[in-house]
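Read through the structure below, which is laid out as structure tokens, and then see the notes.
Nothing in this text is a laboratory measurement; each read-out follows from the coordinates by a stated rule. Only a predicted model underlies this, so the values are computations on that prediction, with no experimental measurement involved. For neighbour counting, all protein chains shown are included, and Cβ atoms are generated from backbone atoms with ideal geometry for every residue, glycine included.
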Amino acid sequence: MDAVTSFFMPWLQTFFGDNIDWKQVFLIGMTPLFLLAFVIEFAVQKRRKNTASFKLKEIFANLSLGASYQLFEALVWVLFTAAVFSWAYGYRLMDIPVNAWTVVPIYVAVELCFYIYHRSSHRVRWFWTAHVPHHSGQVMNFTTAMRQSLLNAFVGIWIFYIPLCLLGVPPVVVMFCLAVNLAYQYFIHTETIGKLPAWFEAIFNTPSHHRVHHGRNPEYIDRNYGGTLIIFDRLFGTFEPEVAKAEFGITQQINSYNPVVLNLHEAVDMMRDVMAPGLVGQRVKHLIMPPDWEREGHTPIRTWSVTPHSIAIKPKE
């Protein structure tokens, strides 16, 4: 292990400096396992003669979005986010030790922060601009988990984890716990796995719970925000069990596989709505209100072709 560390650390420090982004390092290191799991998933579904959820253009879009997300997350960490986390930790209220007694509470606290972030990403349009690419896929397989936005690095989702650093959790621990949380979530983006044992479904986020989260069925919208756990959804009233088959996608379905369009379409539309004529107070609400909020006298702007979900069509080839 020391030999491996001594080999890789100089490379990591060359790119990240002294504040290594262990979240990105962990996720990049997990990528071979992620891809292997996808190959197995495809083989299982092919044997079942059920490969409808494996569309080459969508898989390519997923991988492209994932690559741009990884690159920009790492870059912004080096340029900005690492300094913010270090600054916050410098003003911590206490020193929280990391040991066998505290690691589980710390992880649950990170899960709570993720729940708050995730719920905000659905209910505040500013954050939704970075989350919408993840939900715009109309099929579900493991690569859907990689369907992330480069805007994640710019909209400020880091703010949801700063309180833990101010409390006294070392930033490296916060980021590593978040990395484990995100890695777990990769394996719940699938239709291959049905419902798991009841005790597991009661505590943990599962493929069944997460299919609900990705569904645009009216009863499934804005439900099941958990990362690893489902307990906060049960506690805060956002849990919904899987009953009807989920219809994947967004209510105003973007008709494109282009990674640039997928990354930017909602942000562009939001800013055009803000700049459209009207009272300033009402225009600013486009930033902070839910994505489906409309101001009186203004028709929402759609720069690229979208289709209401009830008559959703496949993106242009």
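May I ask you to derive the relative contact order of the chain, considering only C-alpha pairs under 8 Å and at least 6 residues apart, and to give it as an integer percent?
Relative contact order of the chain: 20 percent.
In a Gaussian network model over the chain where Cα atoms closer than 10 Å are linked, find which of Thr251, Thr51, Thr129 has the largest mean-square fluctuation.
For the chain, modelled as a Gaussian network with Cα springs under 10 Å, the answer is Thr51.
Counting pairs of Cα atoms in segment 256-302, how many percent are more than 11 Å apart?
67
Any idea how far apart Ser86 and Ile301 come out in nm if each label point goes 7 Å out from Cα toward Cβ?
So the two model labels end up 3.9 nm from each other.
Within segment 223-317, which trypsin sites (Lys or Arg not before Pro) sit in a loop by DSSP and count at most 10 neighbouring Cβ atoms inside 10 Å?
Within segment 223-317, the qualifying trypsin sites (Lys or Arg not before Pro) (loop, at most 10 other Cβ atoms within 10 Å) are Lys245, Lys316.
Output the Cα-based Rg and Dmax of segment 156-246 in Å, rounding Rg to one decimal and Dmax to a whole number.
Cα only, segment 156-246: 14.6, 44 Å (Rg, Dmax).
Taking the chain as the region of interest, what is the percent of Cα-Cα pairs per 10 angstrom bin, listed from the shortest bin to the one with the maximum distance?
6, 24, 34, 25, 10, 1, 0
Calculate one ³J(HN,Hα) per residue across segment 21-36 by plugging θ = phi - 60° into the Karplus curve 6.51 cos²θ - 1.76 cosθ + 1.60, and present them in order as whole Hz with x for glycine and proline.
Working through the residues one at a time gives 7, 5, 5, 5, 4, 5, 5, 5, x, 7, 4, x, 5, 4, 5, 4 Hz.
If each of Asp222 and Ile28 carries a label point 7 Å out from its Cα toward its Cβ, how far apart are those two points in nm?
3.7
Each label point is 7 Å from the Cα along the Cα-to-Cβ direction; what then is the distance between the points at Phe200 and Arg48, in nm?
About 1.4 nm separates the two model spin labels.
Which one of Trp128, Trp87, Trp199 has the biggest mean-square fluctuation once the chain is modelled by GNM with Cα springs under 10 Å?
In the Gaussian network model the winner is Trp199.
Given H placed 1.01 Å from N in the peptide plane, which residues other than close sequence neighbours of Leu229 have an amide H under 5 Å from its amide H?
Correct list: Asn205.
So what J values fall out for segment 206-218 if you push phi through Karplus, 6.51 cos²θ - 1.76 cosθ + 1.60 with θ = phi - 60°, rounded to Hz, Gly and Pro as x?
After applying 6.51 cos²θ - 1.76 cosθ + 1.60, I find 9, x, 4, 4, 7, 4, 4, 4, 8, x, 9, 4, x Hz.
Where is the GNM fluctuation largest for the chain (alpha-carbon springs, 10 angstrom cutoff): Leu65, Leu279, Leu166?
With Cα springs under 10 Å in the chain, the top fluctuation among Leu65, Leu279, Leu166 is at Leu279.
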